[in-house]
Amino acid sequence: MKLWRELRPLLVVFAQARRRWLLGGALLAALTVLSGMALLGLAGWFITATAIAGLSAATAFTFDVFMPSAGIRLLALGRTASRYGERLVTHDATLGVLAQLRERLFRGWAQPEAARRLLARPAQLLFRLTADIDALDSLYLRVLVPASAALLAALATGLALGLAHWGLGVAVALWLVAAGLGIAWVVAQRARRAARRRAYGLEALRARSVDLVAGQTDLVMAGQLDAQRGALAAADGYLARADNALNRLETRAALAYSVAGTIALSATLLAVGALTGAGTMGAPVAALALLLVLTATEPFAALSRGALELGRTLLAARRLVPRMQTPGPQPATEGGAMVPAPGLALQLICVTANPGGDEAPGRPLLRELSLALRAGEHVALIGSSGAGKSTLLALVAGELAPHSGVVQTQPHSLLTQRTELFQDSLRDNLRLADPDADDARLWQVLEAAGLADDVRALPQTLDARLGEGGLGLSGGQARRLALARLLLRRVPLWLLDEPTEGLDPATARDVLQRLKDQASGRTVLLATHVRREAALADRLLGLQHGRIVADARRGEAQFEAMLGTLRPD
């Protein structure tokens, strides 16, 4: 029951993806096994019957050799075709399911707070997307398909032998099912710990390898290079021990299936010998029975690999299935972004939120905060570091889920302090904001961002490849590229988090002027502690300890006083 509870959510996910293809693959696998059994059994019967018929001239001339030989040829061709079809259908269905699971996993990561977790543990989440998803194929290819084929083979063997003697058929079928599934069950139970350890060891080995390669300079400067190499060796040893444990179990499983098959074959040999001696069964039928039993244990032996990997599959399922669940509709009073009332671009009603998420639920940074922005307003959030400015922007952007309260917002774009660029072409880095944008539109936003001349100077212009993190562009160019991407997405609300942080004064002033020129008609919510950025706003909000403590509009004395508290340009 516990195993079923663990597998059920994953089976539901598989069934929702490609049910017909998965069932078709299992049926083709069963047909392949039955064709192989029938082929060997019929060949054994035919050879034995032909030999007996050849003992007498009368029977030799009357014995029909054409029908059995035609059946053998048909089964041989059918087995080859069904084997090919099985491999094609099962692997295509599995790869299709895994592709859909990766998409669902991406969608699960697109929920609030996912970006923060991704930045905190990128190697671990990449492992979920690759190795953990790949581990799920064992459930279908190495467990469900072999198990269904093996059970059908046992049933067919029992039915075939039962036609000759019902007791023999029942006994053989029960033994095959009990021994075949029993060995697989024992192997699966004993392999779970080793399979989980192998998954943990492989994850640690990859993560430590990445740390060693990517952080060599930092490790050398800190004098920790040898320590990291030792940690990598320890992870490799841990993985090797888990592999050795699984290899020993695999050898024992092969031995157990061999013994079970030998027992079944020996018992069948004694039984058919006795039945043949008593005249109840003919020699050709006895040969058919022996060969059927010989082949019936092979499908069960194919289960051993799946049983060994079942622990890793269950571990992957526990990690992934919660992230693949389609989120239900958000209630109207708790969380979830909704459209504000006409005339408003943003409204927060009694919102409580914590950037630590579930890890620190008792320490909310924003407490019962309420805020309304009219459409077209330019508002700056000011306050000391840790006051909650970036947390408020993340909440509005949907990157942080509120613990309580209501968030209502128009469609928006967020420009963070960190420019996120990828190892791709300049064109594709821009099209993240609008995949359908043509080159004319791209050049338009590059002109508006002041980057068009720099791009034209590149040998490949829009096709120029950027390195990891935008390598190949200066800090100012990277910021302008992020600004162009912001302009490319036509939304009524901009969320800007210290947009000129880290830029030299001349570049910062130019970027701010271009933001001001393009912000006409849009609502802007800007988090800053720099005077030049806050001067773009028509309204200043003072944030302290997660609460709004001041609200001033341009032309008021308090507005100028609040500007004066900010860091100069």
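A short reminder: the numbers here are calculations on the coordinates, not readings from a lab. Note that the structure is a prediction, hence the values are computed from the model and not measured. Every residue, glycine among them, receives a Cβ derived from its backbone with ideal geometry; neighbour counts consider all protein chains shown.
For the charge dipole of the range 337-564, defined by +1 on Lys and Arg C-beta atoms and -1 on Asp and Glu C-beta atoms about the Cα centroid, which residue among HIS378, GLN417, LEU496 has the Cα displaced farthest towards the positive pole?
Of the options given, the answer is HIS378.
Could you tell me the extents of the range 479-569's C-alpha atoms along the three principal axes, largest first, rounded to whole Å?
Principal-axis extents of the Cα atoms in the range 479-569, largest first: 35, 29, 27 Å.
Could you list, bin by bin from short to long, the percent of Cα-Cα pairs of the range 244-319 in 10 Å steps?
17, 33, 23, 15, 9, 3, 0
If you put +1 on each Lys and Arg Cβ and -1 on each Asp and Glu Cβ, how big is the dipole of the range 337-564 around its Cα centre, in Debye rounded to 20? Let's see the in-between values first.
Working: 25 positive and 28 negative charges, 105 e Å.
Rounded to the nearest 20 debye, it is 500 debye.
The range 48-86 to the range 518-569: how many Å between their Cα centroids?
About 92 Å separates the Cα centre of the range 48-86 from the one of the range 518-569.
Per residue, how big is the convex hull of the range 21-68 when only Cα atoms are used? Give it in Å³. If you can, show how the numbers build up before the last one.
Values: hull volume 2.5 nm³, N = 48.
Taking only Cα atoms, the range 21-68 has a hull volume of 52 Å³ per residue.
For the chain, would you read off the P(r) tail past 35 Å as a percentage of all alpha carbon pairs? Could you put the intermediate results ahead of the total?
Values: 93457 of 161596 pairs.
Beyond 35 Å sits 58 percent of the P(r) for the chain.
Out of all DSSP beta bridges in the chain, what portion is antiparallel? Express it as a percent rounded to 5.
On the way: 18 of 38 bridges.
If I count the DSSP bridges inside the chain, around 45 percent turn out antiparallel.
Rounded to the nearest 20 debye, what is the charge dipole size of the chain about its Cα centre when +1 sits on each Lys and Arg Cβ and -1 on each Asp and Glu Cβ? Write out the running numbers ahead of the final one.
Working: 61 positive and 48 negative charges, 270 e Å.
Magnitude of the dipole: close to 1300 debye.
Taking the alpha-carbon set of the range 337-564, what are its Rg and Dmax in Å?
That works out to 18.1, 54 Å for Rg and Dmax.
Calculate how steeply helix 475-488 sits against the longest principal axis of the alpha-carbon atoms of the chain, using the helix alpha-carbon long axis, and give the answer as 0 to 90 degrees to the nearest 10.
80 degrees
Mind checking the angle between helix 66-109 and the chain's longest principal axis? C-alpha axes, 0 to 90 degrees, to the nearest 10.
Result, in degrees: 20.
Considering only GLY261, LEU481, LEU315, whose Cα is most displaced toward the positive end of the charge dipole of the chain, charges sitting on Cβ of Lys, Arg (+1) and Asp, Glu (-1)?
The residue sitting farthest along the positive end of the dipole is GLY261.
List, in order, the whole-Hz ³J(HN,Hα) value for each residue of the range 206-221 obtained from phi through the Karplus relation with A = 6.51, B = -1.76, C = 1.60 and θ = phi - 60°; use x for Gly and Pro.
Per residue, the Karplus-derived 3J(HN,Hα) values read 5, 4, 6, 5, 4, 4, 5, 6, 6, x, 4, 4, 5, 5, 5, 5 Hz.
Select from the range 402-508 those chymotrypsin sites (Phe, Trp or Tyr not before Pro) which occupy a DSSP coil region and have at most 13 other Cβ atoms within 10 Å, ordered by residue number. Let's see the in-between values first.
Numbers: sites: PHE422, TRP443, TRP494; in loops: PHE422.
Here the sparse-neighbourhood loop sites are PHE422.
Tabulate in residue order the Karplus-calculated ³J(HN,Hα) for the range 23-28, using 6.51 cos²θ - 1.76 cosθ + 1.60 with θ = phi - 60°, rounded to whole Hz; enter x for Gly and Pro.
Listing the rounded values in order: 5, x, x, 5, 5, 5 Hz.
Taking only Cα atoms, what is the 0 to 90° angle, nearest 10, from helix 145-164's long axis to the longest principal axis of the chain?
20 degrees
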